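A.B. asks: Below is the structure I would like to discuss, written out as C-alpha coordinates.
The values are calculated or read from the model by the stated rules, or taken from the named source; none is laboratory data. Here the structure is a predicted model, which is why all the values come from computation and not from measurement. Ideal geometry is used to build each Cβ from the backbone, glycine not excepted, and the neighbour counts take in all protein chains shown.
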Amino acid sequence: MSSEPPVFDDGEEGEVSIHGLDPPGSVWDVTRKGQYDFAGKASGSTLYTNYLITGKSSYRLEIKNIQNDTLRVDLMKRNSWIDSRVATYNLSAKSTRYTFPSGLDSSGHYYLKFYAPSEFSGNIR
(Lines give C-alpha, C1' and ligand atoms only; values in the text may rest on other atoms or scores of the structure.)
Protein backbone atom coordinates (compact mmCIF):
# COMPACT_ATOMS: atom_id res chain seq x y z
CA MET A 1 0.00 0.00 0.00
CA SER A 2 1.35 3.41 -0.94
CA SER A 3 2.07 5.92 1.78
CA GLU A 4 1.17 8.73 -0.61
CA PRO A 5 -2.04 10.42 0.56
CA PRO A 6 -4.98 10.58 -1.85
CA VAL A 7 -5.75 13.79 -3.67
CA PHE A 8 -9.19 15.15 -2.88
CA ASP A 9 -11.07 18.39 -2.55
CA ASP A 10 -13.26 18.65 0.52
CA GLY A 11 -14.28 22.24 -0.21
CA GLU A 12 -17.15 21.38 -2.54
CA GLU A 13 -20.33 19.45 -1.88
CA GLY A 14 -20.68 16.33 -3.93
CA GLU A 15 -16.99 15.43 -4.19
CA VAL A 16 -15.34 12.43 -2.62
CA SER A 17 -12.89 12.31 0.22
CA ILE A 18 -10.99 9.63 2.05
CA HIS A 19 -12.86 8.02 4.92
CA GLY A 20 -10.39 5.26 5.75
CA LEU A 21 -12.37 2.11 6.49
CA ASP A 22 -15.58 3.95 7.29
CA PRO A 23 -18.34 4.84 4.80
CA PRO A 24 -19.91 8.31 4.78
CA GLY A 25 -22.41 9.45 7.41
CA SER A 26 -24.26 12.41 5.87
CA VAL A 27 -27.26 11.79 3.60
CA TRP A 28 -27.98 13.12 0.08
CA ASP A 29 -31.64 12.68 -0.91
CA VAL A 30 -31.69 12.83 -4.71
CA THR A 31 -35.44 13.49 -4.75
CA ARG A 32 -34.86 16.76 -2.87
CA LYS A 33 -31.30 17.80 -3.78
CA GLY A 34 -31.08 16.39 -7.30
CA GLN A 35 -28.04 14.92 -9.00
CA TYR A 36 -25.01 14.07 -6.87
CA ASP A 37 -21.66 14.69 -8.59
CA PHE A 38 -18.42 13.05 -7.49
CA ALA A 39 -14.75 12.97 -8.47
CA GLY A 40 -11.55 11.73 -6.90
CA LYS A 41 -8.04 10.37 -7.25
CA ALA A 42 -5.95 8.10 -5.02
CA SER A 43 -2.88 5.96 -5.53
CA GLY A 44 -3.18 3.67 -2.53
CA SER A 45 -6.31 4.47 -0.51
CA THR A 46 -9.93 3.41 -0.87
CA LEU A 47 -12.25 6.37 -1.52
CA TYR A 48 -15.95 6.70 -0.73
CA THR A 49 -18.60 9.18 -1.77
CA ASN A 50 -19.04 11.90 0.86
CA TYR A 51 -22.75 11.14 1.18
CA LEU A 52 -25.09 8.21 1.60
CA ILE A 53 -27.50 8.34 -1.36
CA THR A 54 -31.21 7.84 -0.73
CA GLY A 55 -34.66 8.67 -2.09
CA LYS A 56 -35.24 6.35 -5.05
CA SER A 57 -35.61 2.65 -5.80
CA SER A 58 -33.58 3.02 -9.01
CA TYR A 59 -30.79 5.36 -10.03
CA ARG A 60 -28.87 6.39 -13.11
CA LEU A 61 -25.18 6.05 -12.35
CA GLU A 62 -22.42 7.44 -14.58
CA ILE A 63 -18.80 6.62 -13.79
CA LYS A 64 -15.88 7.87 -15.86
CA ASN A 65 -12.55 6.11 -15.38
CA ILE A 66 -9.89 8.71 -16.19
CA GLN A 67 -6.82 6.56 -15.47
CA ASN A 68 -4.89 4.05 -17.57
CA ASP A 69 -5.76 1.18 -15.18
CA THR A 70 -8.93 -0.79 -14.52
CA LEU A 71 -11.15 0.83 -11.89
CA ARG A 72 -13.24 -1.23 -9.47
CA VAL A 73 -16.29 0.41 -7.92
CA ASP A 74 -18.70 -1.20 -5.47
CA LEU A 75 -22.25 0.03 -4.88
CA MET A 76 -22.76 -0.53 -1.16
CA LYS A 77 -25.85 -0.47 1.07
CA ARG A 78 -25.56 0.81 4.64
CA ASN A 79 -26.92 -1.72 7.10
CA SER A 80 -27.16 -1.55 10.87
CA TRP A 81 -24.45 -4.14 11.43
CA ILE A 82 -22.43 -4.92 8.27
CA ASP A 83 -22.77 -3.01 5.01
CA SER A 84 -23.57 -5.13 1.96
CA ARG A 85 -22.31 -4.98 -1.60
CA VAL A 86 -25.18 -4.49 -4.05
CA ALA A 87 -23.13 -4.47 -7.26
CA THR A 88 -19.55 -4.34 -8.54
CA TYR A 89 -18.51 -2.39 -11.63
CA ASN A 90 -15.13 -2.90 -13.32
CA LEU A 91 -14.30 -0.13 -15.76
CA SER A 92 -11.53 -0.57 -18.28
CA ALA A 93 -8.96 2.18 -18.71
CA LYS A 94 -10.22 5.52 -20.05
CA SER A 95 -13.84 4.38 -20.22
CA THR A 96 -17.27 5.60 -19.12
CA ARG A 97 -20.00 3.34 -17.79
CA TYR A 98 -23.69 4.09 -17.46
CA THR A 99 -25.64 1.70 -15.26
CA PHE A 100 -29.13 1.70 -13.80
CA PRO A 101 -29.27 -0.14 -10.47
CA SER A 102 -32.90 -0.89 -9.63
CA GLY A 103 -35.00 -2.86 -7.16
CA LEU A 104 -33.41 -0.87 -4.33
CA ASP A 105 -35.03 0.33 -1.12
CA SER A 106 -36.06 3.98 -1.64
CA SER A 107 -35.46 4.68 2.04
CA GLY A 108 -32.17 2.74 2.06
CA HIS A 109 -28.79 4.44 2.20
CA TYR A 110 -26.25 3.66 -0.54
CA TYR A 111 -22.71 4.77 -1.32
CA LEU A 112 -19.91 4.08 -3.78
CA LYS A 113 -16.57 2.57 -2.82
CA PHE A 114 -13.63 3.21 -5.19
CA TYR A 115 -10.62 0.89 -4.98
CA ALA A 116 -7.09 2.21 -5.53
CA PRO A 117 -5.51 3.11 -7.75
CA SER A 118 -8.28 5.40 -8.90
CA GLU A 119 -8.99 8.58 -10.84
CA PHE A 120 -12.62 9.12 -11.71
CA SER A 121 -15.62 11.40 -11.97
CA GLY A 122 -19.33 10.86 -12.39
CA ASN A 123 -22.80 11.37 -10.99
CA ILE A 124 -25.83 9.66 -9.50
CA ARG A 125 -29.39 10.70 -10.25
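A.B. asks: Considering only residues that are touching an Asp or Glu at 6+ places or on another chain (Cβ under 7 Å) and under 18 Å from Tyr110 (Cβ atoms), look in the stretch 67-86 and name the one that is surrounded by the most Cβ atoms within 10 Å (Cβ to Cβ).
C.D. replies: Here the residue is Met76.
A.B. asks: Would you mind stating whether Phe100 is modelled with pLDDT under 95 and either of a type in the set (Phe, Trp, Tyr) or in contact with a His (Cβ under 7 Å, 6 or more places away or on another chain) (or both)?
C.D. replies: The answer is no for Phe100.
A.B. asks: Separate question: Scan Ser45, Ser58 and give me the residue that is assigned to a loop (DSSP other than H, G, I, E, B), polar (S, T, N, Q) and modelled with pLDDT under 95.
C.D. replies: It is Ser45.
A.B. asks: Would you mind stating whether Lys64 is in contact with a strand residue (DSSP E or B) (Cβ under 7 Å, 6 or more places away or on another chain) and surrounded by fewer than 13 Cβ atoms within 10 Å (Cβ to Cβ)?
C.D. replies: no
A.B. asks: Of all strands (runs of 3 or more DSSP E) completely enclosed by the stretch 64-125, which ones contain at least 2 residues that are over 12 Å from the mean Cα position of the chain (by Cα) and closer than 24 Å to Gly44 by Cα?
C.D. replies: Ranges flagged: 84-91, 96-99.
A.B. asks: Asp29: in contact with a Pro (Cβ under 6 Å, 6 or more places away or on another chain) and among the charged types (D, E, K, R), yes or no?
C.D. replies: It is false that Asp29 is in contact with a Pro (Cβ under 6 Å, 6 or more places away or on another chain) and among the charged types (D, E, K, R).
A.B. asks: Here's something else I'd like to know. Can you tell me which residue in the stretch 29-42 is surrounded by the most Cβ atoms within 10 Å (Cβ to Cβ), limited to those that are among the small types (Gly, Ala, Ser) and in a strand (DSSP E or B)?
C.D. replies: Gly40
A.B. asks: Which ones in the stretch 41-95 are small (Gly, Ala, Ser) and touching a residue at least 60 places away in the same chain (Cβ under 8 Å)?
C.D. replies: Within the stretch 41-95, Ala42, Ser43, Gly44, Ser45 meet the criteria.
A.B. asks: From the set of residues in the stretch 93-105 that are polar (S, T, N, Q) and surrounded by 11 or more Cβ atoms within 10 Å (Cβ to Cβ), which is farthest from Lys56 (Cα to Cα)?
C.D. replies: Out of the qualifying residues, it is Ser95.
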